[in-house]
Each structure stands twice: as structure tokens, then as C-alpha cells.
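Data first, discussion second: the structure below is written as C-alpha cells.
The values are calculated or read from the model by the stated rules, or taken from the named source; none is laboratory data. This is a predicted model, so every value here is computed, not measured. With ideal geometry, Cβ positions are generated from the backbone for all residues, glycine too; neighbour counts draw on all protein chains shown.
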Amino acid sequence: MNAAGFPLLSLLTFLPLVGAGIILFIRGEEAVVASNARWTALWTSLITFGLSLILWFQFDKTTADFQFVEQISWMPEFGLGYHMGVDGISVLFVLLSTLLVPVCILASWEAVQSRVREYMIAFLVLETMMVGMFCALDVVMFYIFFEGVLIPMFLIIGIWGGARRVYAAYKLFLYTLLGSLLMLLAMLLLWYEAGTSSIPEIFNLQLDPSVQVWLFLAFLASFAVKVPMWPVHTWLPDAHVEAPTAGSVILAGVLLKMGGYGFLRFSLPLLPQATEWFAPLIFALSVIAVVYTSLVALAQEDMKKLIAYSSVAHMGIVTMGIFTLNHQGLSGAIFQMLSHGIVSGALFLCVGVLYDRVHSREIARYGGVAKIMPSYAMVFMLFTMGSIALPGTAGFPGEFLVIVGAWQANPWVAFGGALGMILGAGYMLYLYRRVVFSRISREDLKALLDLSPREYVTFAPLILLTLWMGIYPSSFLSFFEASVAALVTRHEAAMALPRLAGM
Amino acid sequence: MYVGAVFFPLLGACICGFFGRWLGDKLAQWVTVVCMALAALCGISAFIQVGFNHAPATVDIVTWLDVGGLQLSWALRYDTLAAMMVGMVTLISTMIHLYSVGYMSHDETQPRFFAYLSLFTFMMLMLVTADNLLQLFFGWEGVGLASYLLIGYWYERESANRAAMKAFIVNRVGDLFFMLGMALTFWTFGTIEFNGIFQGVEAARQSTFAGMPVLELIALFFFLGAMGKSAQIGLHTWLPDAMEGPTPVSALIHAATMVTAGVFLMARMSPLVEYAPNVLGFVTVIGATTALFAASVGMVQNDIKRVIAYSTCSQLGYMFFAVGVGAYQAAVFHLFTHAFFKALLFLGAGSVIHAMSDEQDIRKMGGIWKKIPVTYALFWIGSLALAGVPYFAGYYSKDMILEAAFAGHGWTAKYAFICGILAAFMTAFYSWRLIIMTFHGTPRADHHTMEHVHESPAVMLIPLLVLAVGALFTGAYFYDQFVGHHWAEFWNGSIVNAPHNHIMHDAHEVPEWVPLAPTVVGLAGIALAYALYMFMPKLPGRIAAAVPGLYRFLLNKWYFDELYDRIFVRPARSLARKLWQVGDVKIIDGMPNGAAALTVHASGRVVRLQSGRVANYAFAMIIGLVLFVSIFVFGVGR
């Protein structure tokens, strides 16, 4: 049936839901409930992560096929079924999701004090949705998980968020929902055309270029909002600012990747002509995203907002890489998504550390933190360097590969993307200088404590990964090598067809 | 041995950085010093092995990247060029570590300092031993990071933070082109490993990219990258500000090693750069202009470290125009000797600053030479070498560069020669202005400081002495190998001159007055400095008052900082603010928020229709009925 011998992917997907069910039945005093809920959630997510490591070890890197496949026919007369599986593109995103959830639960250990039980349930449900989304090989399931992610996220921001949380939550919800509805139409059309909802079977469709254009636009509406691409990015800073720290981590770490993943899963293989046709538009939007949002980040006075804008800029590199349609660009884009998931997630955690102590996200409120929190300063420095893509940290290989790939597509695009190197260094170092360096100006800052053991544990896996991905990226790149190669071949073959037909 | 030279500093940095707090200051320091000493042992023996026994080697470590034909490994490439750099970097870094033990003894966070210093050394070694462009870029950015951390070492000083940021960002401008250069290299040669590139050069000579010869374009990108790191005119603004860092840092990073990385890059890429004649012309002009510009600014600065910083900038200009005329060997030779005497000068300056209770303004010094005689003597040696006085190290290398420039072809080489001679005069002038103002004349410091003036401890003087030996003898000793009769065997193919390039030969056959010229102008510069500052100390002020425009132009460093502030920094800031407040908040967010407001507004109006009065409803019904009936009767009927 599959390499693991048991339905691993379903287990990964629904185990958190079981954990959530258990938490639901915890009864007792409030403090006891809170503590039990925390531990249950942590253990559930840790077990899930442990199980997901099977993927890391048993995944066959030599093939581009779907692996660990589970397929159950559900409504055969409509071609609907339960279909799970991962290929090189999705497998690391599953691991990223299962890794970040325990990190988030640890990060919320003390920060969240009200309605702990509900919070933990929301997180576990969120994990189910995320993992399910990356594993789903059936458009209907994909859509359900894709949309389902929104519900816990909406609650997390709307209930445990900051002062303007309701505005931010609605903005997030409406923006993404609006895009997704068009995607639903596109998926219905695909289902109707193919007579099945199974993604591998839909891949066999040969769509007319004029239909492709409409489908592409429909998918674009949804994925562009999720990525987010300029100019539909403004929900992100608001959502990040208002979300609790862990919410931001998941938002930056996994949710933004769903858009890029969508492009790779649907737009590229299904709509080759339209992809080629729209690539210049995407390049233009990506370059604008990189330059524009980097500049905007430079002007921010709120730490989280600054990092949120930097996320938009980094995701601009990702979309640029995806639409280069060559091996380097695509690999770089996937790698950049993974590294951004780690690094920007970690940066939000860094902000969270200060926020937990001082309860302010305002940059001007800080200064001279290095003096009293040297370990924190070092950790923050590492992730700052990761964010500005210093070679040897996770941010670099992705950005480098994308720029190499983009050069082949269009040197000016590569130049635009590379401008992000300068601007990125500008806003991140400016942030770091104002928060961590200079003299301590406020008395209350002198009483801050350096990282606690719990915070060390939270950061440890991210630090390790940031360095590992930077120094030895091969161990990650090898996962999607075959899949990317297959994607490129497939695309080139599809582009060759109409030319032959034209002759 | 090969691996040890590179990785001992990393070991030291890790031990000191992560466990420094538990080891205590003293132990942490000595751990890094010992690690560096081991590295220097390995490095120097590697240099002897590779350079003199002609046994180049490549040590593969592990595969780094493998993406669709882009294959790279971490590997250490030891050819003569790399081995020479390794030997030089490890030796000088060891001396500077040792010196720092004394210089930083009053600092609060010494392990941090030493960890950074060792980290820097490691990155620099990675840079010079790189086997491919990406690894070189790793070191390139790594030294940038270390430089950023060390310039901003005293992070409580706002000016230090600003200088650190400036250094990093200006360097990044160069790095952008480096990155694009790598991309173009990959698509041209299908690899970015040096061996592969160099083999492909012959085939790529005819290919063009967007109408331009591809080799020219690649060389241009790399040179623009090198300009950032090596502070050439236009991207030099960060270097003088970088003097905010502790003095040993200025000596190690901003004089002896990191800033010369650009020159190293050009030498490393010589097989490719040789076939980009137009870019070489550009390099010559930029290098020569930098040499002249920085020397002219150096003549009027009043901060002891800034004078030396501009001097560094100017000497880097010399190296670049040597590259530009095709004499890479001469450039690298000057790089090598310069490392010794410039480190010596900086450390000497540090010793002075140490003695003067952290005073850096030479207008507040003077009359201290009797109190710190050793430093004074060493400062003389450094300055003599810098000015190119015969038989000191700088004499050999600088003469070689100027001879090469004279022998070079085209107007660019002539321009470089003239600039070089003028700059040599200025160099001697500002060096002795510095010596006289710092050590001679009436004491201008306050009474309190003067009482404290003392010679530095042995731990600081020993490194100075070692470097002084270098400044005295490296020129004479290595001349034959680097640029003399044996250069071809010595470099062993690690630096390549194209078949049409005979500069190394021609440079030795210039008219007799050419080798003499730099010495003559140098001595003239010294004499002028003596005349103005020793014997007629009132005169310089009067000259400055007579040409206030020129003086201010030089004092303000040709107004580069102000210009960049106007055209880049401030517009970027205001644009950033506008994009945010207008672009994002008003326009992009305005639309959905506006739509939402419109909906609320409209529904508010619609609500009013439901007034609750039966008469209104009945009236509306009748109007509707009339409308429908009329449409039915008149409309459909026809």
C-alpha cells in the first residue's frame, strides 16, 4: 500500500484532531485544565512530529511519483475519493508544519493565559488542516483543507490577538475567502472536465489555451492573496501585528507557503501555456513586491509589521523563482519557502520574547537590549542574518538559486530580485540596531531577563535548521530534485506540443 | 595542515564565543591566540610547501549544492596565490590577536571581541582558499558580517552602530553585482568552479550577451563587487567610518586583509579578466582615481586613524591599477607588503591612542616621541615603507606597480602612472605630517593626559616588532619570487597572463628615471612636510585660509557622503514613508475599506425604506403596478 506499511499520512493528518478531542474532555479547575491542555497539545504535536520523521527517512528521493499513497473510493459515480500522498514538493512542507506546531505550543506556554484549552484545540485543528492540505491529492479534499485552515486562524487572531484583532481577523478572512471562491469555480471546472477529482488523474488533461487563461486567473486570485503578492498583501501586516506570537509563526511559516505550493501543484503542471503567458506579469509583480515592500519595511515603527513586510518581499522572491520555470529557479523557490518558514517564524518568536517581557512591539520602546540579554542578542542576530540571506544561513541558497534561475529568464528580473539584498540588509540591520544595540535608555529594560530554558528549547530546532540549511542544503534540496526535474520536463514537453501541432 | 590553517580559527571562535563566559576573560583570550598560532604554523608551512616546493593541492570536504547541473562542493584550493594569502592572513591575524590581549585588556566583553576576531579570520581564510565562486562569496559575506560586528563592537556608541550599518549596506551594493556575476558565469560556463571557468574561457571569448562580449560583462560585475569590498572611489565611503571599531580591528580588517579581498578576487579571476580589455581599462581609471583622491583627502584629515584609513584606500587604488594594466603579480605583491606595514602603522596608532588616553585627534597630540620611543621608531619604519623609501618593503612593490603602469599600453595606463606619482608625493607628505603632528612639536594635550603618556606593554610591542620586521624585509626578500625573475615558477599558473600580455617583462625594461621617480617625489613630500609642520608650523593654517574652497572640499572628502545622503538615503526614506502611508494605507487598503464603508453606508440608506407606514408601502405598490402594466401593455404589445 505504501512505504510505511500503514496509513501514515492520514495518521499525521488526524492525530492532532484526536488530541484536540481529548483536550475537549478535560474537566476540572481552570489552572489544572490549562496545564493539562498544554501538555496534551504538546505531546500530541510531538508524537505527530515524531511520526512525520518517518517521511524524512523513508521518502524515496529518486522518483517524482507520489508516495505513501492512500486511496479510498468514496463516491465513485461522481469520481470523488479520499486520496492522500506526497511527492518531493510537498513532503518537506508536511515536515515544516509538524515541526512548527510544537514550537508554537511551547512559545504560547506562558504567553497565553486565557482560554488555554480552546487555544490549544484551535492549534491542533490548524495542524490537521495544514498537514491535510499538503497531503491531499483530491481537489475537493484540497479545497476543504485549504479553506479549513482559515477557521482556526481566524479564531486565533480574533480571540487571542491584540487591540485591533477583530479588524485584522475579518480582513484576513475576507481577502482569502474572496480569492478562494474563484479557485473553487476553477476546481469545479477541472472536476467536470476530467470526470474525477483525483489530482494525478487531472494532470492528464490537455486544456485549451483559452480555458487555461481563465483557470489561471481563478487560481491566481486565490494563491496571490495567500502568498501574498503585491498588491493584495495588505492583510498580512495587519494579521501579523494582531496575531499572538505563535499565530504569527504559523502564518509566516506555513500559511504563506500554501500559495506558492498551490502554484506548483496546479498552475504549473496543469496550465503550461497560460503560465508561460502570465510569467511576465508575475515577474513584474514579484519585483514590485521585493522593492516596494522592502522600502515600506524600512519605514515601519512596529517590529512585527516590519517583519511582516519583509515576508512579503521574501515571498516575492519565491513567486519569481516559481515562474522562471527552470530547474534552479524552482528549486530555489521551494528552498526559499522552507527557509523563510524557519527564519521568519523564528524572527516572530524573537519579537515575541521581547513582547512577553515588555508588552510593546514599538521599536522606539527598546534599545540596548544586547547589554542585558546577550544570548538573545546572539539568537536574534543569527536569524537577522538568515533573513538577509547571508551565505551559511538558510536564507542564502534559495535566494541565490532564484537569482541564478531568474537571470536565465530575464536579467532585469534577476537584478530586481537582487535589489532585495541591499534593501533587506537595510531594514533588518536598522531594526536590529534600534532594538538590540545602542545605550539602554529606559530604566525598566534593565530588569529584563535573558532567555529562559523553555525559550532555548523553542529556539534550538530553528537555530539548528537555519545553520544546517545554510551549510549543507543538499540534504533538503535532494528531496525535491526529482520532482522539480519532472516538473520542468513536463512543462517543456507541454510547450513543445502546440508548436508541433502548429507545424 | 591545509585543513588546520583554515579551521583552527573557527575552533577558537566557537570555544571563545560559546563558552567564553565560563572560561573567563584570560583563558578565552589565550585559547583564541593559541588556535591562531597553530593556524599560522599550518598556514606558513602550507605557503612554503605550495609556493616554494610547488605542490599545489585541493582538499575536498563535502558537496554543497547540486541543482540541475549546478554542482558545488566545499573545498580548499591551495595554489600559490591562496597559500600566500593563507600564510599572510594567519600570521598577521596571530599578531593582532596577541596585540589585542593588551589593547583590549580594559574591555568588558573580551571573549566576544576575540570570538569575532577569530571568526573573521576563518571567513577570510574561506574566502582565499575557495575552490568556486560560491564559496568565495560565502567568505566574502562572512568577512562582511565579521566586519559589521567589529565596527559596531562598542554598540553603545550611536556613531559606531551607524558606521557598522553603513559598511554592511555599501558592501551589499557591491555584492549585488557579485551575485549577478555568478549568475551570468553559470549560464555562460555551466559551472562556477574555478577550474571549469578557466577551461571555458577560450570557448567563451566570442560569445556575447545582449550585444556585449560576455567576458567583459562578467569581469565588470566582479569588479563592481570588488569595488565595494575594497573601498574604491564611489563605494569607498564606508571605510573611513569603519574606524569606529577598535584599532586592532582596523589593522586586521580594514587595512591588512579584508579590504584587499577585491584585489585577490581580480587576481584569482585573472584567466578570465585578461580577456576583458575594456574592463581592465575601467579598472585602471578607477584605481588610479582612487589612489589620487584618497591621498588628497588624507592630507587634511585630523583623526590619526582616518589619515591611515585614507592611506589604505589610496594604496588599494594602486593595487587596482596594477591589475588594470595586467600586472596582477605586482598588485598581489603590494597587497602582501602593504599588509605588514599598514598593520604596523595601525597598531602603532593604536599604541599612541592607548598612550594618549584614547585621544585620536592629532591636533591634540605632539611632543610625545621621547615618552614612547619604541612606538615612535616603529611608526617611522611603517611610514618609510609606506612612502616607498628605498629598501623598505613598500619601495619594491610600489616601484613595480609604477613601472608596470609606465610600461602599460593606452591612455589609461599613462593616466594611472601620473596619478600614481602624484599620490606617491601626497603619501609621503601626509605620512610625515602625521608623524610630526603626533610626535613632535609642543605638547597640545592637557596636562593630565600628558602625565599618563606611557609606552605600551610587551604584549603589544612584540607584535609590532614582528610586523616591523615584515615591513623592513618582505619587499627585498620576496621580490624575485613575486615579480622578479622567478615569478612564473613561483605563481605556478595561479595567476595567468594572456599570451598577448607582456607587462611583467616590459615593466623591467622601462627608462632609468622611472624607478627613481617615486623615490624622488617621496623624499620631496617628506621634505615639504618637514618644512611646513616642523619648521614653519604657522604656515599650513595660512595656506588653508588662502584657499578655503579647496581646503573644505578635501576636508569634507569631496562631499561624497553628502551627495549620497541627498540622492540615495533621504529619497529612499521619504519614498518608503510615502509608499507606506499613501500606497499601502490610502490606495491599496483604501479600496476594500472603501468598499466596506460603501456597503455600510448603502445599507444604512436602504434601511430607511422600511418606514413602517402602510401608506408608503401602498403608494410604492401602486407605482410598481402602474409600471408593470404599462410595460406589459406598451412594451410587449409591440
How many residues does the range B:89-115 hold that are in a helix (DSSP H, G or I) and either within 11 Å of chain A (Cβ to nearest Cβ) or in contact with a Phe, Trp or Tyr (Cβ under 6 Å, 6 or more places away or on another chain) (or both)? 3
Tell me whether the range B:430-453 contains one or more residues that are closer than 23 Å to B:S311 by Cα, touching a Ser or Thr at 6+ places or on another chain (Cβ under 9 Å) and of a type in the set (S, T, Y). yes
Those residues that are crowded, with 23+ Cβ neighbours inside 10 Å and free of Cβ contacts under 8 Å to residues at least 40 places away in the same chain, I need them from the range A:404-419; list them, please. A:W407, A:A414, A:A418
The conditions are (1) more than 10 Å from every other protein chain (Cβ to nearest Cβ); (2) more than 19 Å from B:I253 (Cβ to Cβ); (3) in a helix (DSSP H, G or I), and B:T191 fails exactly one of them. Which is it? (3)
Only listed residue being farther than 21 Å from A:G321 by Cβ, within 14 Å of chain B (Cβ to nearest Cβ), without any contact (Cβ under 8 Å) to a residue 40 or more places away in the chain and in a helix (DSSP H, G or I), chosen from A:L188, A:L177: A:L177
Taking the condition of being facing chain B (nearest Cβ under 10 Å) and within 21 Å of A:S483 (Cα to Cα), how many residues in the range A:304-332 meet it? 7
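Could you check the range B:238-351 for helices (runs of 4 or more DSSP H) lying wholly inside it with 2 or more residues that are closer than 21 Å to B:I362 by Cα and aliphatic (A, V, I, L, M)?
Where helices (runs of 4 or more DSSP H) fall fully within the range B:238-351 and carry at least 2 residues being closer than 21 Å to B:I362 by Cα and aliphatic (A, V, I, L, M), they are B:247-251, B:277-298, B:304-324.
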State yes or no: is A:A370 out of contact with any Pro (no Cβ under 6 Å at 6 or more places or on another chain), at the interface with chain B (Cβ under 8 Å from one of its Cβ atoms) and small (G, A, S)? yes
Total residues in the range A:4-21, condition crowded, with 17+ Cβ neighbours inside 10 Å and β-branched (V, I, T): 1
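What are the residues in the range A:44-60 that are more than 22 Å from the chain's Cα centre (by Cα) and either at pLDDT 90 or above or among the charged types (D, E, K, R) (or both), if any?
A:D60
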Kindly provide the set of residues from the range A:280-303 that are surrounded by fewer than 24 Cβ atoms within 10 Å (Cβ to Cβ), of a type outside the set (A, V, I, L, M) and more than 9 Å from chain B (Cβ to nearest Cβ), ordered by number. A:P280, A:F283, A:E301, A:D302
Can you confirm whether the range A:68-86 contains a residue that is modelled with pLDDT of 85 or more and not in a strand (DSSP E or B)? no
Which ones in the range A:466-480 are part of a helix (DSSP H, G or I), in contact with a helix residue (DSSP H, G or I) (Cβ under 7 Å, 6 or more places away or on another chain) and at the interface with chain B (Cβ under 8 Å from one of its Cβ atoms)? A:L477
Can you name every residue in the range B:149-177 that is closer than 11 Å to B:W238 by Cα, in contact with a helix residue (DSSP H, G or I) (Cβ under 7 Å, 6 or more places away or on another chain) and more than 7 Å from chain A (Cβ to nearest Cβ)? B:I151, B:A163, B:A164, B:K166, B:A167, B:V170, B:N171
Hey, among A:I422, A:I440, A:I463, which residue is of a type in the set (V, I, T), buried (at least 17 other Cβ atoms within 10 Å of the Cβ) and modelled with pLDDT of 90 or more? A:I463
Test B:D480 against the stated conditions and say whether it is touching a residue at least 24 places away in the same chain (Cβ under 8 Å) and among the charged types (D, E, K, R). no
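Residues that are touching a Phe, Trp or Tyr at 6+ places or on another chain (Cβ under 9 Å) and under 23 Å from A:L190 (Cα atoms), at least 2 per element: which helices (runs of 4 or more DSSP H) completely within the range A:94-166 meet that?
Once the helices (runs of 4 or more DSSP H) in the range A:94-166 are filtered for at least 2 residues that are touching a Phe, Trp or Tyr at 6+ places or on another chain (Cβ under 9 Å) and under 23 Å from A:L190 (Cα atoms), what remains is A:116-135, A:139-148.
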I need a count of the residues in the range B:114-169 that are under 13 Å from B:A261 (Cβ atoms) and in contact with a Lys or Arg (Cβ under 6 Å, 6 or more places away or on another chain). 1
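Let's see how each residue does on (1) surrounded by 11 or more Cβ atoms within 10 Å (Cβ to Cβ); (2) more than 9 Å from chain A (Cβ to nearest Cβ); (3) farther than 24 Å from A:D238 by Cα:
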{"position": "B:F560", "(1), (2), (3)": "yes, yes, yes"}
{"position": "B:Y564", "(1), (2), (3)": "yes, yes, yes"}
{"position": "B:I567", "(1), (2), (3)": "no, yes, yes"}
{"position": "B:P571", "(1), (2), (3)": "yes, yes, yes"}
{"position": "B:L579", "(1), (2), (3)": "yes, no, no"}
{"position": "B:D584", "(1), (2), (3)": "yes, no, no"}
{"position": "B:G590", "(1), (2), (3)": "yes, yes, no"}
{"position": "B:L598", "(1), (2), (3)": "no, yes, no"}
Residue set B:F114, B:F138; condition in contact (Cβ under 8 Å) with a residue 40 or more places away in the chain and not polar (S, T, N, Q); output residue B:F114
Restricted to the range B:376-421 and to residues being within 26 Å of the chain's Cα centre (by Cα) and not in a helix (DSSP H, G or I), the residue nearest to B:I436 (Cα to Cα) is B:G388
Exactly one of B:A55, B:A37 is hydrophobic (A, V, I, L, M, F, W, C) and either in contact (Cβ under 8 Å) with a residue 40 or more places away in the chain or surrounded by 24 or more Cβ atoms within 10 Å (Cβ to Cβ) (or both), and that one is B:A37
I'd like to know if the range B:8-16 contains one or more residues that are away from chain A (no Cβ under 14 Å), surrounded by fewer than 22 Cβ atoms within 10 Å (Cβ to Cβ) and not polar (S, T, N, Q). yes
Here is a check on your reading of the model: is A:L382 within 11 Å of another protein chain (Cβ to nearest Cβ) and not in a helix (DSSP H, G or I)? no
Of all residues in the range A:385-429, which are more than 7 Å from chain B (Cβ to nearest Cβ) and more than 24 Å from the chain's Cα centre (by Cα)? A:A409, A:N410, A:P411, A:W412
